[in-house]
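Here the structure is laid out as structure tokens; the discussion comes afterwards.
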Amino acid sequence: MSKPNTNTTVASLLKKFPKANRGDLIPILQCVQDSEKFLSKSTMMEIGEFLKLPLSKVYGVATFYNQFKFHPPGKYQIQICRGTACHVEGSSTILAALINDLKINTGETTSDGLFSLEVVACIGACGLAPVMSINGEFFAKLTTEKIKHIIQDFRDKEASNE
Amino acid sequence: MNNGLPLIENYLIGSSLEYFHSCLLPGVTNPTSKDIAEKIETLKNDSVNKPYFFIGAGTCGLGAGALHTEKALLNVLKNFNLDTEIIKVGCIGLCFAEPIMDVFLPGKNRLSFGNVTPDKVESIVQALLNDDQTILSQALFQYRSPHLKVWQEVPFIEDYPFFKKQRRIVLNQCGIINPLSIGQYIAQNGYVALAKTLKKLTPLEVCNIIEKSGLKGRGGGGFLTGKKWKFALSTPSDQKYFICNADEGDPGAFMDRAVVEGDPHKLLEGLIIAAYAIQATKAYIYIRAEYPLAIAHLEQAISDLYEWKILGDNIFDSGFDLDIIIKKGAGAFVCGEETALIHSIEGKRGMPRPRPPFPAVSGLHGKPSVINNVETLANISSILLQGSDWFNSMGNNNSKGTKVFALSGKIKNTGLVEVPMGITMREIIFDIGGGPKNNKLFKAVQIGGPSGGCVTNENLNIEIDYDSLKTIGAMMGSGGLVVMDEDNCMVDVAKFFMDFIQRESCGKCIPCREGTKQMQNILEKITRGRISEKGNDALDRFKGILQLEELSNTIKETSLCGLGQSAPNPILSTLKYFRHEYEAHIFDRRCPSGVCSELINFEILEDKCKGCTLCAKKCPSSAIKGSPKAPHYINNEKCIKCGQCLKVCKFGAIIKN
Amino acid sequence: MKIEINNQSVNMPAGISILDACKSANINIPTLCYLEDLFPSGSCRMCVVEIAGVKNLVTSCSTQITEGMKISTHSNRVIAARKSILELLLSNHPDDCLYCDKNNTCELQKLSAELGVRNRNFSKQLIEKEIDKSSPSLVRDPSKCILCGRCVRVCEERQTVSAISFIKRGSQTKVTTAFDGGLNTSNCINCGQCAMVCPTGAIIEKNNIKDVLAALSDKNKVVVVQHAPAISVTLGELFGFKPGTDVNGQMTAALRKMGFQFVFETSFSADVTIMEEASELVDRIKKGEKLPLMTSCSPGWIKFVEHFYPEFLTNLSSCKSPQQMMGALIKNYWAFKKNINPRNIYSVSIMPCTAKKFEAGREEMVTGGLADIDAVLTTRELAKMIDMFNINLAKLKPENADDPLGEHSSAAKLFGVTGGVAEAALRTAAFLITNDDSKVHEIREYRDLEGIKELTLNINGITLKTVVVSGLSNARIVLDDIKRGLKQYHFIEVMTCPGGCIAGGGQPFGLDKDKIVARMKALYQIDKNEKIRKSHHNKDVVKLYEEFLMHPLSQKSHELLHTKYKLRTGY
């Protein structure tokens, strides 16, 4: 599912890291994922070549960290916080509502490619728990009702764009 | 201040002073003292000559809709033909009152309003700009200023209940100043401590001052900061590193986020001084990727510092060079551990290694490195400006200074509080926090996150310091306080933390990787219901609970790093204070708080049931039986605890047991 | 400094680990992830000990002794902790020891017995994972992996290949290749050093015993076997002989008892290899081209060059390894001499090496439409077969190998140890250059277990710069130096395994340094004792050339005894 000319894009991203060494591996992976939305096999091979790092090490580092994805995500990445305050305020009910509404499980993407759902470590807005973020936009003091509206808003936005 | 000139000028001479002036007043050659004093006054923003509006736009504020409020404000202001300013500020710590909007009118004290949703903006602005005092009843508080007029019947911030018992040193400017303005920071005596340090103090002297102050690591380690610096200073090396740990992985903690978002220069000044103290010429700020706003503010602040030549080569003509590099975390709680953090910066899997050697002797790339938490570093400039005696006059015998706590959970006033060490937990929860919300009964407050324990009613009078908490099986941690009430199940809380640990364990050592899995498994079995129970599960349940303590000991005693060593704490703590809840789960197969969904029993009250059969029809597992017009009953063996029946019953005849 | 171990005062040198200190005092502390000469990882926690005045238990592998330290290595608290850790490990480990290839040689089994584990105290948490059978040399069973990391470190630090690594984290952690593909999709060079250090059955060699047994009972097959020089000085260890005893004769007898109809020695073809390679060396020196010449008998090394240093492919000798030369000679020379249809020959080789299984399957290793070698067994597999046939090795009368592929020079036996190929090659090369047999005999400078050994020889005015390398991390150093122009050589011997074939991936488990030294010394002793000490003095080799090959590097030689190499992806 990689775009055509992915490798050219990756190559141009790698140019931002002259004199790169092993310490730049994670920033490089982050930079490439920011642009490509996920890390494909060929991308990781290119990065390994660039850094002269064994591929098993590149893959081993990338799979260690939660941030990196290996499959294309949805257009809107829903991240629901699993922090203590959010849990205490009932984030599991919110999650259940989302799963019900989107008909996907965590780690999955809707079949129309619109939404992907994941649970992330504490976002740091505990005073307003439960919290979620969609493509970096924060939504706080969530309730199952609010969730319905928020998702619908995004759906409406998509429909009007078409 | 001398003639309105900034204090920093006492420590800058020659070309560095000239350059400082050129940054302060760009385009003005040979500025006079009057020019400088005037500019400083303007930058300070202690008084204004046109209406200023401040919007709390930290992550909390944004989550509460601050941008919508801003939009509404812009709309309203269109109708007034006035020159105004809108400044986005960080978190003042009043999360429960976000979105917050401050109004600063010329000649009058700055006023703060809470819960300013877009629909409220117009009335507030209209009233204030038309001098209608009735709106003041909606104000939270006002800021005190010697030369400005006081608003009638509005409390001062220091009298406002939430702030009354606080002592704000780290957070003193958060939510007040413009985080993106280096000018304002400098005008408010910013970088004076740095200039003074570079001009007048040797690295060893700096270390001694910090050690004497009694400052201990605020990330949870609680090690004497000055002492740690001295280890690194005394280890000879061609290169040393200083690392700021802004990973803040503890769920429930957001103190560091607020500081970096709201007052990034406070952190940076402390970091530069610290790097000087150990003679590190390269510093890293390791900040978690989940804080994009904080990262953006940090990047801006650092860029400004390079422009003002407060970073780079030969800072303030002192001969000291420093570069600061931002490294974004990639989502691993374990990277809050020092050696794991170092490995992450080196581009490896974030897994800890045995110590010794300690990082201060052999750390990043094998060189002496010191790692300090954001809050620790945010204290440094104040200590150097006001002295170590000033700092250790606050607090109690073994813990000096203040601590920032993040209050969240089932409490009225959620937010950030900074209090002197030694304050009691009761004061924080009830005086500052306002007690549990919705009139519920207080049950416990979790302190220290997944490495900590709970403080219950019997221990609420405990004086909070590093050592006292350990005596009751808890620990300070980074400062996250999550309040729980009667509706929270403590077994569920323990399970929550164990799930967290299992997900975040790096997997390197056996006791943590396998041991916490066993513990998670035991807690799963305890909270699971009869329907999903198979064969040996009951036996396993009993065996498991007996094993918990022994297993906890093994994990605590033999794990490689702090994550594993403290992983059993929440379980041990809840087991100690809430044994009856565990026993109810294990032996009675029920959850007293009604949280563990599989252990809840739904019951139909015979006297209220009208036999409408609606619940039976809705039941997805056909667990409800009964004839029409006769009371129905629920077969708990078949019930999947979905709660649909309770939702649809119009007669209130179904209860959760 | 003075320390106390279990209430006994001892003097120990400063700066050593608690583990080493206790070892010196004859107290063995159990370990699982520890590897000598690699930086301790501290992951298994099995080696914990109690230190007076320290709250938690500490790992003895990573903690250094300090003056006055009081150590308890086997207190109740320590033993309880170790037992608990082991039980936790066992809760996530398969229970089917009886069916496991590592039964009786598994370190986990040993610890379980030592610590007296008798109950399944923890609930089973095992998740079955797929077995990887993709490689011709090694089989991976991730369910048995205890994540000690030894294999990863050996592959990365000793061999600088990094075919496998840890992926994911926590309970999801797995040791596997990039993208979790089969071993054959990675740049694994099949050297089996990982299998040598794996404490359980998570990585072991592919078991070819059943193929060999099937051939042995096939009346239509003529089953022949060859064995590598290192085997005869190793095999005895597994049957009660003193390490370093040469059991060549008894092994030959045992092989015949098992049904192998003809027993040959790879040392014979090693002599042929020398004839070819020494001639190749002299030829290249005369022409001044493609220098340095690099040996090609180690298949792990060959694949390493193909992946990582393709620019040196033309420097490799085009000679097949002795195993493959023997295979080709058996089916194309010996078969006709004995009037046997080569299609009916099932050619087995016994090797101290797992990469040889891969080598035998290479597409280049086919002559006249037939694979040179049909099956390779490791030393360990041979030992298993001997046990299967209930043969008592010690009681056998030594027998001789079959002619004409059974005669060897002692130079050929030296192939089993690092430096041996170079020594053998130079003995013959010196003769080829000077026509004088007195020039070179023993080359003592090659005779130790160092990783890189340089030597410049002067033979009749010709300067020969040589280097002997074992362990591929050392090979990288040498090759990088050559690339940077820092070093020039004429001849390089490379053995994949540190120490050479005597420490190969197919040898008995546990890289015991004393045993390896004993095997090395045994080979040198053979060299000292035997009369025929140079390859060109092997009369059967001389006959082979007269009758069949004509002369070294002839067209016939090239057809049967030389090979080509392949370009492979880098990382």
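For B:K88, the stated conditions hold: it is closer than 30 Å to B:G433 by Cβ and open to solvent by 10 Å² or more (accessible area, probe 1.4 Å).
Out of all the residues in region C:157-177, which are aliphatic (A, V, I, L, M) and in contact (Cβ under 8 Å) with a residue 40 or more places away in the chain? Walk me through how you get there before you give the answer.
If we filter region C:157-177 for residues that are aliphatic (A, V, I, L, M), which is where we start, we get C:161, C:163-164, C:167, C:175.
Hit for region C:157-177 is C:V161, nothing else.
Kindly indicate whether any position in region B:335-353 is touching a helix residue (DSSP H, G or I) at 6+ places or on another chain (Cβ under 6 Å), at pLDDT below 95, part of a helix (DSSP H, G or I) and within 11 Å of another protein chain (Cβ to nearest Cβ). Checked region B:335-353: at least one residue is touching a helix residue (DSSP H, G or I) at 6+ places or on another chain (Cβ under 6 Å), at pLDDT below 95, part of a helix (DSSP H, G or I) and within 11 Å of another protein chain (Cβ to nearest Cβ).
Yes or no, residue by residue, for (1) buried (at least 21 other Cβ atoms within 10 Å of the Cβ); (2) assigned to a loop (DSSP other than H, G, I, E, B); (3) out of contact with any helix residue (DSSP H, G or I) (no Cβ under 6 Å at 6 or more places or on another chain):
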residue	(1), (2), (3)
C:E114	no, no, yes
C:R118	no, yes, yes
C:S135	yes, yes, no
C:T160	no, yes, no
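Take region B:167-219 and flag every residue that is among the small types (G, A, S), open to solvent by less than 20 Å² (accessible area, probe 1.4 Å) and more than 17 Å from B:W390 (Cα to Cα). Quick ask: steps written out before the conclusion?
Step one: of region B:167-219, the residues among the small types (G, A, S) are B:175, B:181, B:183, B:187, B:190, B:193, B:195, B:213-214, B:217, B:219.
The next check asks that each one be open to solvent by less than 20 Å² (accessible area, probe 1.4 Å); those that pass are B:175, B:183, B:187, B:190, B:193, B:195, B:213-214, B:217.
Correct list: B:G175, B:G183, B:A187, B:G190, B:A195, B:G217.
When you go through B:G65, B:G27, B:G93 one by one, which is the residue that is open to solvent by 20 Å² or more (accessible area, probe 1.4 Å) and on the phi > 0 side of the Ramachandran plot?
B:G27
The set of residues in region C:162-195 being more than 7 Å from every other protein chain (Cβ to nearest Cβ), under 19 Å from the mean Cα position of the chain (by Cα) and crowded, with 24+ Cβ neighbours inside 10 Å consists of C:C188, C:I189, C:N190, C:C191, C:G192, C:Q193, C:C194, C:A195.
On the stretch given as region C:42-76, residues that are within 7 Å of chain B (Cβ to nearest Cβ), out of contact with any Ser or Thr (no Cβ under 6 Å at 6 or more places or on another chain) and either under 11 Å from B:P354 (Cβ atoms) or in a strand (DSSP E or B) (or both) total 3.
Tell me, please, whether a residue that is free of Cβ contacts under 8 Å to residues at least 24 places away in the same chain, open to solvent by less than 60 Å² (accessible area, probe 1.4 Å) and either of a type in the set (A, V, I, L, M) or over 23 Å from C:E205 (Cβ atoms) (or both) can be found in region C:460-473. Looking through region C:460-473, none of the residues is free of Cβ contacts under 8 Å to residues at least 24 places away in the same chain, open to solvent by less than 60 Å² (accessible area, probe 1.4 Å) and either of a type in the set (A, V, I, L, M) or over 23 Å from C:E205 (Cβ atoms) (or both).
For region C:85-102, a residue qualifies if it is without any contact (Cβ under 8 Å) to a residue 24 or more places away in the chain and open to solvent by less than 70 Å² (accessible area, probe 1.4 Å), and the qualifying residues are C:D96, C:C97. Scanning region A:59-69 for residues that are more than 7 Å from every other protein chain (Cβ to nearest Cβ) and aliphatic (A, V, I, L, M) gives a single hit, A:A62. For region B:558-580, the set of residues classified as in a loop (DSSP other than H, G, I, E, B), open to solvent by 10 Å² or more (accessible area, probe 1.4 Å) and within 14 Å of chain C (Cβ to nearest Cβ) consists of B:L560, B:C561, listed by residue number.
Pairing residues of region C:1-20 that are on the phi < 0 side of the Ramachandran plot with residues that are polar (S, T, N, Q) and open to solvent by less than 40 Å² (accessible area, probe 1.4 Å), at Cβ distances under 6 Å and at least 6 apart in sequence or on separate chains, gives C:I18/C:S60; C:I18/C:T63; C:L19/C:S60.
Contact annotation: residue pairs with Cβ atoms under 8 Å, 6 or more positions apart or on different chains, pairing a residue in region B:496-525 that is within 9 Å of chain C (Cβ to nearest Cβ) with a partner that is outside any helix (DSSP H, G or I) and of a type in the set (K, R), are B:S505/C:R169; B:C506/B:R349; B:C506/C:R169; B:G507/C:K168; B:G507/C:R169; B:C509/C:R45; B:I510/C:R45; B:P511/C:R45. Scan region B:293-316 for residues that are closer than 24 Å to B:L385 by Cα and either within 14 Å of chain A (Cβ to nearest Cβ) or within 27 Å of the chain's Cα centre (by Cα) (or both) and the total you get is 5.
Just checking, which of C:T314, C:T245 is over 27 Å from C:N474 (Cα atoms), surrounded by fewer than 24 Cβ atoms within 10 Å (Cβ to Cβ) and among the hydroxyl-bearing types (S, T, Y)? Sole residue among the options that is over 27 Å from C:N474 (Cα atoms), surrounded by fewer than 24 Cβ atoms within 10 Å (Cβ to Cβ) and among the hydroxyl-bearing types (S, T, Y): C:T245. Residues in region B:512-525 that are open to solvent by less than 10 Å² (accessible area, probe 1.4 Å) and either among the β-branched types (V, I, T) or touching an Asp or Glu at 6+ places or on another chain (Cβ under 8 Å) (or both): B:T516 only. Looking across region A:98-134, the residues that are under 16 Å from A:I151 (Cβ atoms), within 11 Å of another protein chain (Cβ to nearest Cβ) and within 11 Å of the chain's Cα centre (by Cα) come down to A:E118, A:S133.
In region C:417-445, the qualifying residues are those that are in a helix (DSSP H, G or I), touching a residue at least 60 places away in the same chain (Cβ under 8 Å) and more than 17 Å from C:N538 (Cβ to Cβ), and the one that is least open to solvent (accessible area, probe 1.4 Å) is C:A422.
Listed here are the residues, each with its yes/no results for (1) more than 26 Å from A:G124 (Cβ to Cβ); (2) part of a strand (DSSP E or B); (3) away from chain A (no Cβ under 14 Å).
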residue: B:E70; (1), (2), (3): no, no, yes
residue: B:L73; (1), (2), (3): no, no, yes
residue: B:N81; (1), (2), (3): yes, no, yes
residue: B:I87; (1), (2), (3): no, yes, yes
residue: B:V103; (1), (2), (3): yes, yes, yes
residue: B:D119; (1), (2), (3): yes, no, yes
residue: B:E122; (1), (2), (3): yes, no, yes
residue: B:A127; (1), (2), (3): yes, no, yes
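Here B:P436 fulfils each of the conditions (1) touching a Phe, Trp or Tyr at 6+ places or on another chain (Cβ under 8 Å); (2) open to solvent by less than 10 Å² (accessible area, probe 1.4 Å); (3) more than 14 Å from chain C (Cβ to nearest Cβ) apart from (2).
Can you pull out every residue in region B:250-292 that is within 14 Å of another protein chain (Cβ to nearest Cβ), part of a loop (DSSP other than H, G, I, E, B) and either on the phi > 0 side of the Ramachandran plot or of a type in the set (D, E, K, R) (or both)? B:D250, B:G252, B:R288, B:E290 - these are the residues of region B:250-292 that are within 14 Å of another protein chain (Cβ to nearest Cβ), part of a loop (DSSP other than H, G, I, E, B) and either on the phi > 0 side of the Ramachandran plot or of a type in the set (D, E, K, R) (or both). When you check B:L298 against the structure, is it in a helix (DSSP H, G or I), in contact (Cβ under 8 Å) with a residue 60 or more places away in the chain and of a type outside the set (G, A, S), yes or no? No.
The values are calculated or read from the model by the stated rules, or taken from the named source; none is laboratory data. Keep in mind it's a predicted model, so treat the numbers as computed, not measured. Every residue, glycine among them, receives a Cβ derived from its backbone with ideal geometry; neighbour counts consider all protein chains shown. Accessible surface is based on the protein model in full, side chains and every heavy atom, while ligands, DNA and RNA are left aside. Shrake-Rupley method; radii C 1.70, N 1.55, O 1.52, S 1.80 Å.
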